[in-house]
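Notes for the one structure printed next.
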């Protein structure tokens, strides 16, 4: 089912009016992956970044990014976030990290952008902290994995 899209009002651009929407529990989960060279991956696993603990710093960066989303994305509503959690899974055979952000709020608009921002900034933090070992790291597959709450209901990224 395609969502209904209102035609843009060329005179009144700005944030969408959500004042008529019901307050519901909104959840969004986003994921990003970062792949690196064998050397960088080995050094990461050994905890050898000169900037400190890469995985914990990336998690904190993701949480801060979720909270700062309305300052970064122009038309995002400021939200009172109830939960931001970050997890990072290590995939040894692929030499990559899978970074997952989950964001929850009770509100009138969704938290998809907060989750996507959190996952992407966490991946960028890994890049920043490990670029000394590999400038060819690739951040890929930033995606919304799950969203629930609100009028549009639940979305789950299609399984391949």
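Does residue 101 qualify as being part of a helix (DSSP H, G or I), closer than 30 Å to residue 15 by Cβ, touching a residue at least 12 places away in the same chain (Cβ under 8 Å) and touching a helix residue (DSSP H, G or I) at 6+ places or on another chain (Cβ under 7 Å)? Write out each step before concluding.
Working: part of a helix (DSSP H, G or I): no; closer than 30 Å to residue 15 by Cβ: yes; touching a residue at least 12 places away in the same chain (Cβ under 8 Å): yes; touching a helix residue (DSSP H, G or I) at 6+ places or on another chain (Cβ under 7 Å): yes.
So residue 101 does not fit the description; no.
Confirm whether residue 47 is closer than 20 Å to residue 133 by Cα, at pLDDT below 95 and surrounded by fewer than 20 Cβ atoms within 10 Å (Cβ to Cβ).
yes
Within the range 57-76, is even one residue closer than 17 Å to residue 147 by Cα and part of a loop (DSSP other than H, G, I, E, B)?
yes
Taking the range 125-149 only, how many residues are outside any loop (DSSP other than H, G, I, E, B) and more than 18 Å from residue 48 (Cα to Cα)?
Final tally of qualifying residues: 11.
Look through 36, 86 and report the one residue that is modelled with pLDDT of 95 or more, closer than 17 Å to residue 121 by Cβ and in contact with a strand residue (DSSP E or B) (Cβ under 9 Å, 6 or more places away or on another chain).
So the residue among 36, 86 that is modelled with pLDDT of 95 or more, closer than 17 Å to residue 121 by Cβ and in contact with a strand residue (DSSP E or B) (Cβ under 9 Å, 6 or more places away or on another chain) is 86.
Can you tell me which of (1) in a loop (DSSP other than H, G, I, E, B); (2) more than 16 Å from the chain's Cα centre (by Cα) is the one residue 79 doesn't meet?
All conditions are met except number (2).
Could you please find all residues in the range 108-127 being touching a strand residue (DSSP E or B) at 6+ places or on another chain (Cβ under 7 Å), farther than 19 Å from residue 56 by Cβ and modelled with pLDDT of 95 or more?
Hits for the range 108-127 are 111, 112, 114, 115, 116.
Quick one: which residue in 144, 116, 124 is farther than 24 Å from residue 20 by Cα, crowded, with 21+ Cβ neighbours inside 10 Å and touching a helix residue (DSSP H, G or I) at 6+ places or on another chain (Cβ under 9 Å)? Before the answer, list the steps.
Details: 144 fails: crowded, with 21+ Cβ neighbours inside 10 Å; 124 fails: crowded, with 21+ Cβ neighbours inside 10 Å.
Being farther than 24 Å from residue 20 by Cα, crowded, with 21+ Cβ neighbours inside 10 Å and touching a helix residue (DSSP H, G or I) at 6+ places or on another chain (Cβ under 9 Å) holds for just one of 144, 116, 124, which is 116.
Please go through the range 64-80 and give me each residue that is touching a helix residue (DSSP H, G or I) at 6+ places or on another chain (Cβ under 7 Å), within 29 Å of residue 96 (Cα to Cα) and either surrounded by 14 or more Cβ atoms within 10 Å (Cβ to Cβ) or touching a residue at least 60 places away in the same chain (Cβ under 8 Å) (or both), ordered by number.
Within the range 64-80, 65, 66, 69 qualify.
Does residue 147 qualify as being under 18 Å from the mean Cα position of the chain (by Cα) and over 17 Å from residue 62 (Cβ atoms)?
yes
Sort through 28, 22 and tell me the only one that's at pLDDT below 95 and under 16 Å from residue 110 (Cβ atoms).
Unique residue meeting the criteria: 22.
The values are calculated or read from the model by the stated rules, or taken from the named source; none is laboratory data. Note that the coordinates shown come from a computational prediction; the quantities given were computed from them, not determined experimentally. Neighbour counts are summed over all protein chains in view; Cβ atoms, including those assigned to glycine, are modelled from backbone coordinates with ideal geometry.
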